[in-house]
1. Given the pairs B:181/B:575; B:329/B:575; B:366/B:394, which span a C-alpha to C-alpha distance of over 21 angstrom in this model?
2. Which angle from 0 to 90°, rounded to the nearest 10, does the C-alpha axis of helix B:439-464 make with the longest principal axis of chain B?
3. What is the sum of charges around residue B:615, taking Lys and Arg as +1, Asp and Glu as -1, for the other residues whose C-beta is under 15 Å from the C-beta of residue B:615?
4. What is the magnitude of the charge dipole of chain B about its Cα centre, with +1 placed on the Cβ of each Lys and Arg, -1 on the Cβ of each Asp and Glu, and no other charges, expressed in debye to the nearest 20?
5. Report Rg(Cα)/(2.2 N^0.38 Å) for the protein assembly as shown, keeping two decimals.
6. Do the sum for chain B: with -39,500 (n - 2.57) for every DSSP H run of n ≥ 4, divided by all residues, what is the mean residue ellipticity at 222 nm, to the nearest 500 deg cm²/dmol?
7. Can you give me the orientation-averaged projected area of the convex hull built on the Cα atoms of chain B, in nm²?
8. Where does helix A:6-26 land angle-wise versus the long Cα axis of chain A, in degrees 0 to 90, nearest 10?
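Bear in mind that the values in this text are calculations on the coordinates, not laboratory data. Just so it is clear, the model here is predicted, and its values are computed rather than measured. Cβ placement follows ideal geometry from the backbone for every residue including glycine, while neighbour counts extend to all protein chains displayed.
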Amino acid sequence: MTGLNEVGFLALSGALVAVGLFGVLTRRNFVLLLIAIEIAMNAAILNFVYFAAFSPSPPAGLAGQSAAVVLVGFAATEVAVGLAIVLALNRAKGTINVAEATELRS
Amino acid sequence: MELSALFGWAFLVPLTYVLAFVVVGLAGPRLARLEWGGWVAVAAAGVAMVLGVLIGVGEAASPGATTNRQMLWLHLPPAGPFPGGLSLVMGTLVDPLSALMLIVVSVVGFLVMLYSIGYMHQDRGLARYYAELSLFLAAMTALVLANNLLEFFLFWEIVGLCSYFLIGFYYERPSAASAAKEAFLVTRVGDVMFLAGIFVYFQLYALSGPAGGWAANGFVFVHNGSPFVPIGTGNGTLRTVAGLLILGGAAGKSAQFPLHVWLPDAMEGPTTVSALIHAATMVAAGVYLLAVTSVFLGFTGWDDLLIVALGGITTFFAATMAVVHPDIKRVIAYSTISQLGYMVLAVGAGFTMVGLYHLFTHAFFKALLFLAAGSVIHAVGTQDLFRMGGLRRKMPWTATAFAIGGLALAGIPPFAGFWSKDDILGSVYGTLGAHPAYWPFFLLALAAVFLTAYYIFRAWFLAFSGAQPRDPAAEHAHEGPWTMRVPLVVLSGFAVVAGLLAFVPGLPNLLEHGAGIPPVYRPADLALSAVSVGLAGAGIALAWRLWGNGRVYTLDAASAAQPLRRLLLNRYYMKAGYDWVGARGVATLARLADFVDVYVIDGTVHGFERAFGGLSDRARRLQTGLVSDYASYVVAGLIAVFALLLLVAPFVLGRIGGG
């Protein structure tokens, strides 16, 4: 892995987080919102992979790679829950626009 | 049985009245047959009168006997300068002073109660009336029998309360309601001074005197059967202050200048109340307080002069105000103030028992005058003297009774007032050599003799003389029922002989008290007596000249005397002045306080309220319910945390040198 710089990888992660946050803050469509969250989460998973690869000792590197695999599974379950909420919202309101779902305020 | 065996049971007298108060107060509204409880109150007053008179006679038969009976009310644990703790006791003290007062209160109380049956017959709220009157008599007899200053003060307040209730008996009438308030507030000025006086005496005598000091003794007036005279601490200024404060209390209760304004207005109450409370008993409590204080605690020189001055001034000024008044009850009310002034004068000059002698005779003839006036008012329905006239033929009993009362008041021998009033004048005259400063007040008191005779006979001639009533309403006037006539007859008897009683063997014992108290002065100075009787005769003659045979003397509108008349009718504008102080001065103060309250205190509170209200209103708007808004708050928070960690924390840590 020589010749490659950590900074470039971290910049990629940062960019992904920024894209995800932008999506979360600007999208009103619940599905797009979920996609944006997934993008941001992938940045975190990528970070595990980088640091495992750059780790000098094999046990720590293995730990990082296994964490990445587990997190991918977590991301999948999270999307499943998110989509369930989307369906429930659609059934209750006939729309998946999050700006319509403000009941928690009152 | 020896009558002295009763002395220890004196507490039964107030208890009898309390019983009547409870029974009438609770059951009275259902006792229509018994005049709404009136007869119950009369019976109780009768029992109490028998007991009171027996105690009085017993005391007269055993000269100087002092019977103290007390129980512990409250014991405060030892503290500070009182290693033995402080005791407060309740008790009865039967001695010549209290026995004399007990006779007055119980006898006049019974007669007024009986008279009320006839006089109040048509009134509503009779149960309330009799209950309150019984409570008053209970408190008054308890006050008279009190064996210590705190107990005295307690019952002093209760009689004031009853006076307030009874002045305001016709509370639907605004003038009665305001008169009741006035009486309560003005006497309250005196009461506060009295209480302060007790505090000063406490400070002075708490540790001195026998048995560990006056306070440790429970403020009781006697010790081992003789007057408990605390050892003076030598602090003359404090003693003077205490005496002045006590004098203030007495002036409030006894309507002395300048706290006299409430008594004429107290005539808004039923006439019976005026006779009992505002002539014979409660207003005399102030004089009794002065007497008790002078016997047991003693006044200093300055106090004496001030008391004499107060008495002299009050005697004269109250008499002048009575001269022009058209209201029969108020004429007698001013006369009461004036006569109380004589008593205060006597006490101040050192003749305590002479003052009480006048209190004794005055109680009877003044109650008589009030009840006779009440009889007239009952028959005619007005208190205005100028609407009466010619009542002598229609109401011979009342006319005679009023005349006897008037003669006694004017001081014509051998009626009661002559003996006691001349005693006062003679006694004070005897001190003029030693105290030249008493001269002006003696002369004022002497001049008041003339005025007294004039105003009371002006009232008599206006009401009773002449052929026909001036007002058709008085055409059908007639005497009241027997319940009203009997008290008149009995009191007339007293008004004739009460003064002579001082010459009956025994009674003088009631007028002598302990060592060092000057005994009764008998009118030895014939010349002085001649002068005072001459003045009284001249007053009566002038009254006859102006008002006799139903004549009505009207003052020219342009007469030079008109401004004087207006001044007197307006009571020297003193009430107006007090009202002004009350309405303007106090109201301005109240408005100022109101301003501070509304704008400063409430302003601060409301300011905080508005500020936080606005703030939370803003904060509320953050709560939109939009997911993306919450997400942006989270992001903003994150950025803030990072900013703190990366930018601020290193800077701060570098400054404080941490690491």
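1. Numbers: B:181/B:575 14 Å; B:329/B:575 18 Å; B:366/B:394 23 Å.
With Cα atoms farther than 21 Å apart: B:366/B:394.
2. Long axis of B:439-464 versus the principal axis of chain B: about 70 degrees.
3. Working: positive: B:610, B:618, B:620, B:621; negative: B:609, B:617.
It works out to a net charge of +2.
4. On the way: 35 positive and 32 negative charges, 228 e Å.
The dipole of chain B has a size of about 1100 debye.
5. Working: Rg = 44.2 Å, N = 765, 2.2 N^0.38 = 27.4 Å.
This ratio for the protein assembly as shown stands at 1.61.
6. -21500 deg cm²/dmol
7. Values: hull surface 187.2 nm².
For chain B, the mean projected area of the Cα convex hull comes to 46.8 nm².
8. 0
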